[in-house]
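For reference, the structure is listed below as structure tokens.
The values are calculated or read from the model by the stated rules, or taken from the named source; none is laboratory data. Keep in mind it's a predicted model, so treat the numbers as computed, not measured. Here the Cβ is made from the backbone with ideal geometry for all residues, glycine too, and neighbour counts use every protein chain on show.
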Amino acid sequence: MDINAKNLLEKLNNNHALSIDEYDYLLKHMDIDLMNVASEFARIKQRQHYGNKIFVRGLIEFTNFCRNNCYYCGIRRDNSDCERYRLSKAQILECANVGYDLGFRTVVLQGGEDFAYTDEDICEIIRAIKSSNPDMVITLSIGERSRASYEAYFNAGARRYLLRHETANPELYAKLHPQEMSWQNRMDCLQTLREIGYQVGAGFMVESPGQTTYDLAMDLKFIQDFKPDMCGIGPYISHKETPFAKETSGGADTTLFCLSLIRMIYPQILLPATTALGTVDEHGREKGILAGANVLMPNLSPTSVRSKYTLYDNKICTGEEAAECVTCLRNRVTAIGYEIVEDPGNRSGFNTN
Ligand code: 5AD
Ligand code: FES
């Protein structure tokens with residue numbers, strides 16, 4: 001293990017801040033021993049704020065129509081191979097009710113940027129879920145919208161919003177997205193969401209095509225500066241019907257190391273062990289928790305549409321019913337000494353009432 005890197009980990013653990021160059025140094029010197037030290041520090045921080053509790057969010061992937069054309073994503077507009085679907089309001093409500101009965105106190109309404117649902121449709125769905133389950137926290141993950149739309153959803157009762165920034169480097173952003181998409185707009189949306197009062201989730205792909213350790217270091221510095229309430233990260237995984245079909249997928253290790261660093265940067269953060277991490281490694285999600293993650297996001301979408309929401313190839317859990325995933329995750333989490341709780345799962349210090 002590189003001794004300077006170990007010293008940097010200790011500095012990060014104590015001060016919760018490093019420079020971009022220091023993060024870059026850590027990433028360049030990552031090895032199994034350094035990963036172990038980082039995950040031990042991270043686990044201690046996680047336990048201080050969340051004990052052995054793991055929060056769960058029920059993911060409802062309600063539409064795979066998308067107006068965007070991100071080069072890495074399987075549901076991009078130009079993928080004519082993708083069989084498109086939209087869930088009706090009744091179907092979405094049914095998913096949320098199933099989720100409530102399974103013990104979920106947060107649902108995430110996630111979809112492509114599909115403007116077939118008007119703002120009023122989205123608001124109606126939010127209000128309907130809140131009226132049947134008042135203690136359900138509603139998270140949205142429906143991309144870039146106007147401030148007025150974000151405000152309308154908030155007034156209807158949504159309290160969290162996930163919008164990954166994808167990369168903190170505008171130049172890399174431009175290599176991963178067509179020109180019509182703007183890094184600045186993505187960042188402005190995150191700021192707007194925070195101003196409105198949402199708990200905000202940012203996030204990035206790890207080992208995306210062309211990404212350097214310096215790019216990842218910029219992501220870590222962004223997390224340090226912006227302090228999102230949540231941060232979703234996972235390895236890039238190629239999808240055969242995208243322009244990046246031939247690009248190499250990431251592995252689990254760099255994501256695991258980044259999870260530990262993020263836990264040290266912002267100990268109270270909500271940090272999911274993502275499906276992408278579970279896809280590249282059969283025990284990726286458990287390893288993610290042991291590296292500092294404290295959230296899992298199983299799927300509540302009807303099994304009939306699961307396999308159509310393929311952002312990347314070989315996505316796990318496309319055949320299992322929600323209840324099966326819940327049982328599976330409970331077993332996995334218990335096996336490593338943690339416990340899934342029935343709780344809205346707010347960021348420590350944040351109240352959704
Ligand atoms: N590999 C990994 N993650 C991906 N995402 C989209 N496509 C891929 C892929 N091929 C991630 C993006 C997006 C989130 C919903 O899924 O970060 O924000
Ligand atoms: Fe879905 Fe294990 S979590 S099958």
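So here's what we get for this one:
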quantity	calculated
Residue within segment 311-327 that is under 18 Å from ILE60 (Cα atoms) and more than 15 Å from ligand 2 (Cβ to nearest atom) present	yes
Some residue of segment 284-294 being under 13 Å from the mean Cα position of the chain (by Cα), among the polar types (S, T, N, Q) and in a helix (DSSP H, G or I)	no
Set MET297, MET264: member being buried (at least 22 other Cβ atoms within 10 Å of the Cβ) and touching a His at 6+ places or on another chain (Cβ under 7 Å)	MET264
Qualifying residue in segment 63-80 (condition: touching a Ser or Thr at 6+ places or on another chain (Cβ under 8 Å) and within 29 Å of SER132 (Cα to Cα))	no
Matching residues, segment 167-205, being in a strand (DSSP E or B) and free of Cβ contacts under 8 Å to residues at least 60 places away in the same chain	VAL200, ALA202, GLY203, PHE204
The one condition in (1) closer than 26 Å to PHE41 by Cβ; (2) free of Cβ contacts under 8 Å to residues at least 40 places away in the same chain that ILE269 fails to fulfil	(2)
ARG332 among the charged types (D, E, K, R) and part of a helix (DSSP H, G or I)	yes
Segment 95-120: number of residues that are of a type in the set (A, V, I, L, M, F, W, C), closer than 16 Å to GLU321 by Cα and surrounded by fewer than 19 Cβ atoms within 10 Å (Cβ to Cβ)	2
Out of THR275, THR303, sole residue that is farther than 28 Å from ILE44 by Cα and within 16 Å of ligand 2 (Cβ to nearest atom)	THR303
Segment 76-96, residues that are under 14 Å from ALA116 (Cβ atoms) and either assigned to a helix (DSSP H, G or I) or within 13 Å of ligand 1 (Cβ to nearest atom) (or both)	LYS89, ILE92
Selection from segment 152-180 of residues that are surrounded by fewer than 17 Cβ atoms within 10 Å (Cβ to Cβ) and either closer than 30 Å to ILE129 by Cβ or of a type outside the set (S, T, N, Q) (or both)	ASN155, PRO170, GLU171, ALA174, LYS175, PRO178, GLU180
Qualifying residue in segment 27-34 (condition: touching a Cys at 6+ places or on another chain (Cβ under 7 Å) and surrounded by fewer than 21 Cβ atoms within 10 Å (Cβ to Cβ))	no
Residue match in segment 310-320 (condition: out of contact with any strand residue (DSSP E or B) (no Cβ under 6 Å at 6 or more places or on another chain), assigned to a helix (DSSP H, G or I), of a type outside the set (A, V, I, L, M) and surrounded by 19 or more Cβ atoms within 10 Å (Cβ to Cβ))	no
Residue among ARG263, ARG285 that alone is under 24 Å from ALA335 (Cα atoms), in contact with a helix residue (DSSP H, G or I) (Cβ under 7 Å, 6 or more places away or on another chain), modelled with pLDDT of 95 or more and away from ligand 1 (no atom under 16 Å from the Cβ)	ARG263
Residues that are aliphatic (A, V, I, L, M), in contact (Cβ under 8 Å) with a residue 12 or more places away in the chain and in a helix (DSSP H, G or I), drawn from segment 15-54	ILE20, LEU26, LEU27, LEU34, MET35, VAL37, ALA38, ALA42
Residue within segment 241-259 that is β-branched (Val, Ile, Thr), touching a Cys at 6+ places or on another chain (Cβ under 9 Å), at pLDDT 95 or above and more than 15 Å from ligand 1 (Cβ to nearest atom) present	no
Residue among THR248, THR254, THR242 that is in a helix (DSSP H, G or I) and hydroxyl-bearing (Ser, Thr, Tyr)	THR254
Test result for ALA335, within 14 Å of ligand 2 (Cβ to nearest atom), at pLDDT below 95 and surrounded by fewer than 21 Cβ atoms within 10 Å (Cβ to Cβ)	no
